[in-house]
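Have a look at the structure below, then the notes.
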Amino acid sequence: MMKTNFRLLFSAAVILLATSCVSNKKFQSLQADYNTLQGRSNALFKENQDCQSNLGAANVKIAGLQDQLQAERAHVQSLQSALDKCLTSTSQGNVNISKLVDEINASNKYIQELIASKNKSDSLNMVLTNNLTRSLSREEMQDVDVQVLKGVVYISLSDNMLYKSGSYEISDKANETLSKIAKIIKDYKDFEVLIEGNTDNVPISKPNIRNNWDLSTLRASSVVQALQNNFGVDPKRLTAGGRGEYNPVASNDTEAGRMQNRRTQIIITPKLDQFMELINQAPASDSTGTK
């Protein structure tokens, strides 16, 4: 509807100018109005794309949290069943009943703490992802894929954007994108960063590169060194690794599939010490001594 109004406005301006009914100044004013409205339309289109991306990431995180909650609820149900058996059995004393009640209470408390910690993790990752996607242009987003899976942010970069053809040297056009990613990494100082190189299954034929293991590792190392040397990321937070051709995301039988497999992933993981402590302190699955 908005685009239709733009066209009508512009067409009207052209007709009026052609028939000499308005001055050149008025036509320029109409043209300026049209350009302003067109700019607003483009901004709304980008905001809509951002919302769609955020919605997909949120759905993935919700599914992961629901799986964890389902497992804990099943554990509570098992404890409740054991308690019911104790209540109907004269062979079980008050000691076992007391232990079961305590464990049920502990398990319920653990669920609440798990939810609070998971929400904290999801909030951190959502903010990080939003900041990154908003900083990238539409052209850059064609070569960059951002996902959040089980509390970890994955930024996948295509090899034709990052490297010179058949090489592990960073291309000039990759520097602007890496600079934006580096800014996000530097803003979140408590995050660890793993750079992971991946290739397709086509053998490499270079005198200084033995195989795809070498190529994937060298490419990851190039990104790490660019983040450190060119953009000031603390090297203590960085890890470089290569997985060769052995972590494909698509079939290598087609060129499109091989193109997807030739990628470098930047994996950003928050240091959620409290969350890990909760996992380590989870109630034991069977500490009642019942049989």
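Which order do the peptides 255-266, 217-228, 181-192 come out in when sorted by mean C-beta neighbours inside 10 angstrom, highest first?
My ranking of the peptides, most packed first, is 217-228, 255-266, 181-192.
Can you give me the long-range amide H partners of Arg262? Hydrogens built in the peptide plane at 1.01 Å from N, cutoff under 5 Å, separation of 5 or more residues or another chain.
For Arg262, whose amide H was placed from the backbone, the distant partners under 5 Å are Asp200.
Calculate one ³J(HN,Hα) per residue across the range 59-67 by plugging θ = phi - 60° into the Karplus curve 6.51 cos²θ - 1.76 cosθ + 1.60, and present them in order as whole Hz with x for glycine and proline.
So the J values, rounded to whole Hz, are 5, 5, 5, 4, 4, x, 5, 5, 4.
Just add up the charged neighbours of Asn198: K/R +1, D/E -1, any other residue whose Cβ is under 15 Å from the Cβ of Asn198.
-2
5 Å is the cut-off here: which amide hydrogens, built 1.01 Å from N in the peptide plane, fall below it relative to Tyr163, excluding neighbours closer than 5 in sequence?
Hits under the 5 Å cutoff: Ser171.
How big is the range 128-210 by the Kirkwood estimate over distinct Cα pairs, in Å?
14.4
Which length gain, in nm to one decimal place, applies between Val202 and Ser81 when the Cα-Cα distance is subtracted from 0.36 nm times their residue separation?
In short, 37.9 nm is gained.
For Ala240, which sequence-distant residues (separation of 5 or more, or a different chain) have an amide H within less than 5 Å of its own amide H, given hydrogens modelled in the peptide plane?
Ile195
Quick note: the coordinates plus some simple rules give every number you see, no bench work behind them. Because the structure is predicted, anything quoted here is derived from the model rather than measured. With ideal geometry, Cβ positions are generated from the backbone for all residues, glycine too; neighbour counts draw on all protein chains shown.
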